[in-house]
Amino acid sequence: MAKKLFTTEAAVDGAMVEAAELMSEMLKARQDVNVSLVFADDVQVKMMQAIKALSEARSAMVGVHSELHEAQLRLGIRTKMVYKMKPSEASAVSTTTMREVG
């Protein structure tokens, strides 16, 4: 379940980044074509509403994370410490074989 939680949190953060970059590009495009601030203002307002909704979703995910952590503690469930090596790290691990000496 933790993996799904972290994946969801990362997806919301990623969507916020993309939305902010889109807003930035929209503002630059308006300047590039040298049009008035009122041009496509309704679109910019909608974009800001979308960013606000993503921000609210992020806050909700923080709350979910906190509540799940609290439930975990109340149930006495301990966190598993699992480390998975990246493929690049796995190839760097060398193995030692025994050989006969003498």
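The values are calculated or read from the model by the stated rules, or taken from the named source; none is laboratory data. Computed from a predicted structure; not experimentally measured. Cβ placement follows ideal geometry from the backbone for every residue including glycine, while neighbour counts extend to all protein chains displayed. In case anyone asks, the SASA skips ligands and DNA or RNA and just uses the protein heavy atoms, side chains included. Shrake-Rupley method; radii C 1.70, N 1.55, O 1.52, S 1.80 Å.
Per-structure values
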read-out: Search result, residues across the stretch 19-41 that are surrounded by 11 or more Cβ atoms within 10 Å (Cβ to Cβ) and closer than 30 Å to residue 66 by Cα; value: 19, 20
read-out: Residue among 44, 49 that alone is polar (S, T, N, Q) and open to solvent by less than 60 Å² (accessible area, probe 1.4 Å); value: 44
read-out: Test result for residue 57, assigned to a helix (DSSP H, G or I), open to solvent by less than 70 Å² (accessible area, probe 1.4 Å) and either of a type in the set (Asp, Glu) or at pLDDT 95 or above (or both); value: yes
read-out: Residues satisfying the stated conditions in the stretch 60-80, i.e. surrounded by 13 or more Cβ atoms within 10 Å (Cβ to Cβ) and over 23 Å from the mean Cα position of the chain (by Cα); value: none
read-out: Some residue of the stretch 2-18 being aliphatic (A, V, I, L, M), at pLDDT 95 or above and open to solvent by 90 Å² or more (accessible area, probe 1.4 Å); value: no
